[in-house]
Amino acid sequence: MGIDDLDEFDEEMQEGMDEFHLLITLFAGQVWRGALAEEAIGLIAKHGEMLASAMAEQLDPAVGPKTAFFRVMGRAMWNNLPQPAHGFRLMKLPEPGRNDPCFCGSLRKYKQCCARLPEFPIAPAMMLDGLLSIMPRKHWRSLAGSSINRDTLQHLVFMWQGEDRHEDVAALLEPWFKGEGAIKNADAELLDTLLETYVVLDKPRKRKSLAQTAIARGENVARGIGWQRIALMEAEAGNDDASRRALVEAQRADPDNLNLGLLEVHLLISAGNATLAQERAKYWAIRLAKLNDPALHDQISWLREVVLNPQAAMMKITRKHDDSIAEMEALLAEAPPVACHYRLKPMDGSTGPFIPDTELGNALKDWNEVFSSCSPSLVMMSTWNEAAWDNPGEWLALLREQPLLWNSFEVLDDLVIALDGHGMTWVREELVPPLLERTRKLFELVLEKHEATKLKCEWAWHENRPALRLLARKVVDGEESSDPKEKEAAFALMHRFVEQLNPHDNHGFRAGVVGGLVERGKAEEAVAIAARYPDDLADMRYTQALALHVAGKENEAREVALFALREFPKVGKTLLAASPRKPRKDGRDGYVIGSNEEAWLYREEFLPLWEKMDALTWLTELARKKQ
């Protein structure tokens with residue numbers, strides 16, 4: 001068989017499959033209208049050759065007449081069609097004995113007649129698909145609570161999901177959970193499927209309502225599924241405590257549900273609690289292994305991967321199910337070395353604006369046509385650009401076609417903000433750091449090429465903001481790292497921000513720099529930096545007082561500390577309290593000056609330094625004298 005013959009064969013097979021679906025639909029339509037077995041089977045036997053000519057041509061005449069083949073097919077259709085008149089149960093025809101007369105009416109023994117024809121396996125889900133295609137949609141609700149085999153219904157749902165018929169899935173399953181009756185465990189898988197369908201259709205209200213209904217009216221397994229979904233929804237909203245509580249309820253409702261172990265580990269990683277995720281993964285891996293069930297091999301392997309490296313384990317799953325992330329990761333790994341494509345015109349000790357050269361400028365025009373940018377306002381570091389993932393194929397293709405874009409601060413900034421909007425913490429943790437490191441290398445190269453390494457690079461130039469925003473992000477992320485080298489590199493960059501790059505300190509790093517210098521035994525330098533910001537806010541005033549105290553400048557330290565205690569009393573009270581209560585957030589980004597949250601944040605960041613410098617007693621005495 002040559003290539004042309006193979007193509008022709010494939011077309012014939014496709015045509016035959018279409019004919020088969022036609023026969024199923026016609027047969028199901030006859031039964032829906034009330035036809036009995038012999039009538040519906042006879043229709044297929046009589047007209048099958050004409051309606052499915054391509055299929056008929058492939059039959060071997062030596063096996064038997066074509067009408068007999070289609071009659072066997074008709075019997076298979078009847079035997080596998082959920083019957084509307086019988087609660088959608090299968091009403092299989094009796095199989096004749098080998099020596100009984102054949103059902104086709106030939107008067108020959110069955111073994112000498114149609115028994116020789118090949119069996120025709122038809123999945124009940126395929127027959128149900130044909131039946132529902134001709135049933136008015138208002139009658140679909142008659143399946144709810146019927147005797148239909150749940151596996152058949154679930155199989156049909158999988159077929160429809162593969163065809164992106166999610167609206168049809170919702171219409172088919174919603175009637176199962178209407179009314180006031182209990183949601184039985186037998187219908188739990190259908191419940192979970194409908195909840196997932198609402199995720200695909202982006203119907204969060206319906207998803208939450210159904211989950212709450214399952215909790216209120218479900219038997220234990222259904223109730224556990226409802227709590228699982230609430231846990232996921234709370235996690236998506238960033239409510240980690242509420243998510244954890246919902247997961248506990250799910251485990252209480254259905255303690256034998258082994259999937260809850262995977263969900264628990266997943267939620268812990270999503271919440272950034274990698275250490276506890278590793279502990280729980282180890283527990284679940286041991287528990288599942290004791291069951292000695294080969295079907296659990298993949299789950300156990302994944303849990304063991306989490307024990308070794310939670311982030312890598314989650315990325316493995318993400319690569320498998322998210323092609324856009326997998327491609328972006330591959331493109332980043334293949335990105336060319338950094339190269340300078342910016343022009344600078346230094347002036348008055350400043351780099352001036354970063355202007356892309358002609359080549360990069362043209363590439364950026366193409367980028368802006370395909371990428372939905374969403375730059376942060378003021379000094380925010382991200383806008384969590386979810387819209388970038390609505391159609392990532394275009395901008396990923398452009399990155400592949402024009403690798404020059406990897407040398408653009410604007411593009412790197414867009415990509416980091418898009419990854420923030422992707423919603424998966426492990427994706428950010430895996431892909432954002434190399435983008436930030438690339439930014440640092442590119443920034444240093446641009447300054448070096450223009451002999452501007454010692455110059456300021458102010459935030460006031462809008463063209464410089466993508467680069468500075470990414471470098472500021474590198475500072476913040478590095479400060480939160482558990483790696484001492486990364487923390488030290490982050491402090492060095494933060495120090496450079498305040499001392500050289502952007503002395504106006506739009507990102508508010510100065511108090512952290514002053515505190516970091518005090519911790520590193522450089523109190524005099526810390527005092528000098530603090531003196532440049534005489535009218536600053538609470539964090540700088542309290543940290544300046546600490547720097548002066550450590551530097552031995554007691555009179556000045558006392559004066560600044562008393563000023564801070566008087567003007568910003570909540571910060572002092574919270575800093576000196578033995579066990580203050582953490583204030584609730586009001587739902588807004590940032591904090592209000594003079595608020596309890598401002599005081600709490602200062603305590604969280606600087607209390608360890610005050611304790612290390614043994615300065616709390618000194619501040620406590622001043623607070624008493626002030627009173």
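The values are calculated or read from the model by the stated rules, or taken from the named source; none is laboratory data. Just so it is clear, the model here is predicted, and its values are computed rather than measured. All Cβ positions, even for glycine, are placed from backbone atoms using ideal geometry, and neighbour counts span all protein chains on display. Accessible surface areas use protein heavy atoms only, side chains included; no ligands, DNA or RNA. Shrake-Rupley method; radii C 1.70, N 1.55, O 1.52, S 1.80 Å.
Tilt of helix 188-200 relative to the longest C-alpha principal axis of the chain, in degrees (0 to 90, nearest 10)?
Taking Cα atoms only, the helix is inclined about 60 degrees.
So how tilted is helix 204-217 from the main axis of the chain? Cα-based, degrees 0 to 90, rounded to 10.
The answer is roughly 70 degrees.
Given a cut-off of under 8 Å on Cα pairs at least six residues apart, what relative contact order in percent is computed for the chain?
Taking the mean separation of contacting Cα pairs over the length of the chain, I get 6 percent.
So what J values fall out for the range 366-376 if you push phi through Karplus, 6.51 cos²θ - 1.76 cosθ + 1.60 with θ = phi - 60°, rounded to Hz, Gly and Pro as x?
Once rounded to whole Hz, the list reads 5, 4, 5, 7, 10, 10, 8, 6, 8, 6, x.
Of LYS570/LYS626; LYS138/LYS208; LYS178/LYS208; LYS522/LYS570; LYS46/LYS92; LYS138/LYS206, which ones are farther than 23 Å apart at the Cα?
Going by Cα-Cα distance, LYS138/LYS208; LYS522/LYS570 fall outside the 23 Å limit.
Sketch the reach of a paramagnetic label on CYS340 as a point 7 Å from Cα along Cα-to-Cβ, and name the residues of the range 397-420 whose backbone nitrogen lies under 20 Å away.
404-412
Give me the aspartates and glutamates in straight-line cross-link reach of LYS485: C-alpha distance below 20 Å, same-chain residues under 8 apart excluded.
By straight Cα distance, LYS485 reaches GLU429, GLU430, GLU437, GLU444, ASP477, GLU519, GLU605.
Using alpha-carbon pairs under 8 Å, 6+ residues apart, how would you state the relative contact order of the range 363-500 in percent?
Dividing the mean separation by the residue count of the range 363-500 yields 21 percent.
If you plug each phi of the range 152-168 into the Karplus form 6.51 cos²θ - 1.76 cosθ + 1.60 with θ = phi - 60°, what whole-Hz ³J(HN,Hα) values come out, in order, with x for Gly and Pro?
For the range 152-168, the Karplus curve yields 4, 5, 5, 4, 4, 4, 4, 4, 5, 4, x, 9, 6, 9, 6, 4, 5 Hz.
Taking the Cβ-Cβ separation of LYS316 and LYS92 as r and a Förster radius of 51 Å, what is the calculated FRET efficiency to the nearest 0.05? It would help to have the intermediate numbers written out before the result.
Working: r = 45 Å, r/R0 = 0.89.
Rounded to the nearest 0.05, the efficiency is 0.65.
Determine, at each q value in 0.13, 0.16 (inverse angstroms), the log₁₀ of I(q)/I(0) that the Debye formula gives when each Cα of the range 47-172 is one equal point scatterer.
These q points yield log10 I(q)/I(0) values of -0.66, -0.89.
So, for the range 96-210, what is the accessible surface per residue at a probe of 1.4 Å, expressed in square angstrom?
I get 54 Å² per residue for this part.
Against the longest alpha carbon principal axis of the chain, how many degrees, from 0 to 90 and to the nearest 10, is the axis of helix 538-550 turned?
For 538-550 against the chain, the angle is about 50 degrees.
Which residues make up the longest stretch of the chain clear of GluC sites (Glu not before Pro) that lie in a DSSP loop with no more than 14 other Cβ atoms within 10 Å, not counting the sites?
181-333
What's the FRET efficiency of PHE158 with ARG520 using the Cβ-Cβ distance as r and R₀ = 60 Å, to the nearest 0.05? Mind showing how you got there, number by number?
Numbers: r = 61 Å, r/R0 = 1.01.
Efficiency for this residue pair is about 0.50.
Taking the Cα centre as origin and putting +1 on Lys and Arg beta-carbons and -1 on Asp and Glu beta-carbons, what dipole magnitude results for the chain, to the nearest 20 debye?
It works out to roughly 2720 debye.
Only one of the values (1) 110, 65, 41; (2) 118, 59, 44; (3) 127, 68, 58 was calculated from this structure for Cα extents along the principal axes in Å; name its label.
Answer label, from the structure shown: (2).
Length gain on complete extension for the stretch GLU567 to ASP535, per 0.36 nm per residue less the alpha carbon to alpha carbon distance?
Full-extension gain reported as 10.3 nm.
Give the span of the range 540-627's Cα atoms along each principal axis, as three whole-Å numbers ordered largest to smallest.
Result for the range 540-627: principal-axis Cα extents of 42, 24, 21 Å.
List the aspartates and glutamates whose Cα lies under 16 Å from the Cα of LYS66, skipping any in the same chain that are fewer than 8 positions away.
Cα-Cα hits under 16 Å: GLU19, GLU49, GLU57, GLU119.
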